[in-house]
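Read through the structure below, which is laid out as structure tokens, and then see the notes.
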Amino acid sequence: MRVDMRKLAVFGVLLTGLGSLLLPADPATGSIITGGNVQPLFTGSDPWNIAGDLRVGIDASGTMILSGNSKVVDVNAYMGYLAGSEARVIIMDPNTLWQNSAGLFIGGSATQAGGTALLMIMAGRVDANQLTIIWGDGALAGNGTLKSPSVTNWGIISPGEDGIGTLTIDGELTFKPDGTLEVDVKDSAVGDKLVVTGDVNAVGGKVNVFPTETITGTKDYTIVDANSVRGALGVTDTALLDLTIADPNGGPFVLLRISAAQFDAEFSQTPNQQAMGIVLQTIAEAGGSPLTAALQQLPTLDEVRTAYDQLSGQSRPPLAPILTTDTAKFMGIVSNRLQGARGGVARDLQGLSDAPLLAMAEPQSGIGSPTDRSWDSFLWDMGPDTSNEGWGTWAKLYGLSGDRKTENGATGYSYSVFGQSVGIEGQSSERSIWGITIGRSDGQVDYDTLADEADMTTTHFGLYNSYSATGWYLNSLLMYSKIGVETERVVDVIGERLEGEFDGRELGAYFEAGLDWQPAATWLVQPLAALQISLLRLDDYVEAGGTSALAFEDQQYESFKVSAGAKLTKELMLGPQGRTAIVQARGRFVHELGDVVSEVEARLQDAPPAPFDISDEAATRDSIMLGG
């Protein structure tokens, strides 16, 4: 538990139902405000003299705020008396005094722990003339003085208020095994300090360190100044901060040394992490930011690396190859249509198969993953040969899904796309068909190791032609795609959710030439060669949502795929009745001449200019597809 004095002070004032304006403008006036579960209950001007004990938070929530020259006198004071209760006592001003003639028990009774309690001495003094016990869910904080001959800490002592401060204990202090000292520190070697007029005895206990800014290099801090210190307080390193406490060996000081590791140290395991580390080190050397300070609080290097992955925006690069895969599928739909339409043109080849053999008809060639899946189905199909007017229309639904495993630190992802396309075409001659097509697709991307998401919408426009001559054909397609993308990124280290929105566009072309060779009446061999071109451009954009927001530059992603293959069709005779069956075998080789790595330049928006590149894992350039 960390004591946040500013939040708890505001909570204490609001809990009474009174605003801070009700506290006296004249410190000499004095004011005592109580609220909730307090016994006895008193609200008014001082003095408040109680012949017996005072309980703040007996079995529910209670608050007491003292300001000005106000003074409360009692015998024993209990804060958070029973389990489940809450207590807040705030001492506001230098002349404010809370005087307990016997004991003060924070977070319980005289014999056992109870509820949660905070005593915040912003200024002024609290006296406990016999003893003070801070139980496990109790906390003492602020810049004032606690005067007590014996203070036993099982809970938290946190010097300072909203910023660096000094808390004084006028007496002797014992740290029990779970007792904690919380200190805020700055890079200037200034930090919170606990001053003890008597001796400090560390039977156990630990120090929790909270940098308020990014620490660089090695810094020393005096966190306890006492008459003498016996025993040792423990301290726990973070992944990026090496914390040591020198053995006081009976001396008067507890000295804390902090040595900060560089953000671009060798613990980074991937190119994206390394790029992020260089940027963060640049920010640290320029004075740091809340982001670098938060990273220094992470306990393990695995958590730091995870934070680097989230901060780097590595969910952005995979969008380019996924978008080109969607476009490839759409072009495959049209090419499939062209193969089917050829049945009405190439009438001199009996039983010409309309199954496509396309370099790009399968999604694997777009992503390089054998786990991708696709389907398509005609809604209707009215070809030019079915109409006396020589024209026809068609429509198709299609789907596309796939996943890529995490590789070499680049996050894996899964995606799904659902689309529809329609076309209208006409037969300009016995050998040529022309057509136009339009389509729309919607897709979503989820990531294996990140909580990020992306939604994509694409509108496709295309113009296509199929020309068939005796024994050969040429199919061609030109298309333009308008793209819209919405992204959401999550950065856990500072609890931010970042949103982005950007547009893009893609020019595509597909050319396929093939031969129709019929060596025998029941055999058809179709060798082919194809070229697919995809020129994708995604616009620059700036995320919204916090200090870890990234500004991404525009991206160009180019694909030039060549393919060569063949399809063999055999007609089998099944009996004397003339029944036949068609058997096919096909295969192709695909090679990528363009980009196989998607790379984007980015920079942290609220930081010194320090651009860096993030990239996806490289896809394979070559693939072989076989089918029947």
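The values are calculated or read from the model by the stated rules, or taken from the named source; none is laboratory data. Quantities reported herein were computed from a predicted structural model and do not represent experimental measurements. Neighbour counts run over all protein chains shown; Cβ positions are idealised from the backbone, glycine included.
Structural remarks
- Taking the conditions (1) at pLDDT below 95; (2) surrounded by 18 or more Cβ atoms within 10 Å (Cβ to Cβ) in turn, GLY250 satisfies each one other than (2).
Each row is one residue, and each column tells you yes or no for (1) at pLDDT 95 or above; (2) under 30 Å from LEU535 (Cβ atoms).
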{"residue": "THR300", "(1), (2)": "yes, no"}
{"residue": "ALA320", "(1), (2)": "yes, yes"}
{"residue": "THR327", "(1), (2)": "no, yes"}
{"residue": "PHE330", "(1), (2)": "no, yes"}
{"residue": "ASN336", "(1), (2)": "no, yes"}
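- Only one entry of SER429, SER466 meets the criterion of being under 28 Å from TRP523 (Cα atoms) and free of Cβ contacts under 8 Å to residues at least 24 places away in the same chain, and that entry is SER429.
- Set side by side, the residues ASP622, ASP595 differ, and just one is surrounded by 15 or more Cβ atoms within 10 Å (Cβ to Cβ), of a type in the set (D, E, K, R) and in the same structural domain as ASP554 (by the TED database), which is ASP595.
- Residues within the range 168-193 that are in a strand (DSSP E or B), free of Cβ contacts under 8 Å to residues at least 60 places away in the same chain, under 23 Å from ALA293 (Cβ atoms) and of a type in the set (A, V, I, L, M), tallied: 1
Yes or no, residue by residue, for (1) free of Cβ contacts under 8 Å to residues at least 60 places away in the same chain; (2) not in a strand (DSSP E or B):
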{"position": "GLU501", "(1), (2)": "yes, no"}
{"position": "LEU507", "(1), (2)": "yes, no"}
{"position": "TYR510", "(1), (2)": "no, no"}
{"position": "GLN526", "(1), (2)": "no, no"}
{"position": "GLN532", "(1), (2)": "no, no"}
{"position": "THR547", "(1), (2)": "no, yes"}
{"position": "ALA551", "(1), (2)": "yes, no"}
{"position": "VAL562", "(1), (2)": "no, no"}
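- Flag for ALA581 being small (Gly, Ala, Ser) and in contact (Cβ under 8 Å) with a residue 24 or more places away in the chain: no
- Exclusive hit being under 21 Å from LYS193 (Cβ atoms), surrounded by 21 or more Cβ atoms within 10 Å (Cβ to Cβ) and small (Gly, Ala, Ser), set GLY163, GLY124: GLY124
- Only listed residue being closer than 24 Å to ASN143 by Cβ, within 42 Å of the chain's Cα centre (by Cα) and modelled with pLDDT of 90 or more, chosen from ALA87, ALA83, ALA77: ALA87
- Members of the range 84-111 found to be outside any strand (DSSP E or B) and more than 18 Å from ASN153 (Cα to Cα), listed by number: GLY84, SER85, MET92, ASP93, PRO94, ASN95, THR96, SER101
- Residues (β-branched (Val, Ile, Thr) and under 12 Å from the mean Cα position of the chain (by Cα)) located in the range 304-334: THR306
- Residue within the range 582-593 that is closer than 27 Å to GLU407 by Cβ and either in contact with a His (Cβ under 8 Å, 6 or more places away or on another chain) or in a loop (DSSP other than H, G, I, E, B) (or both) present: yes
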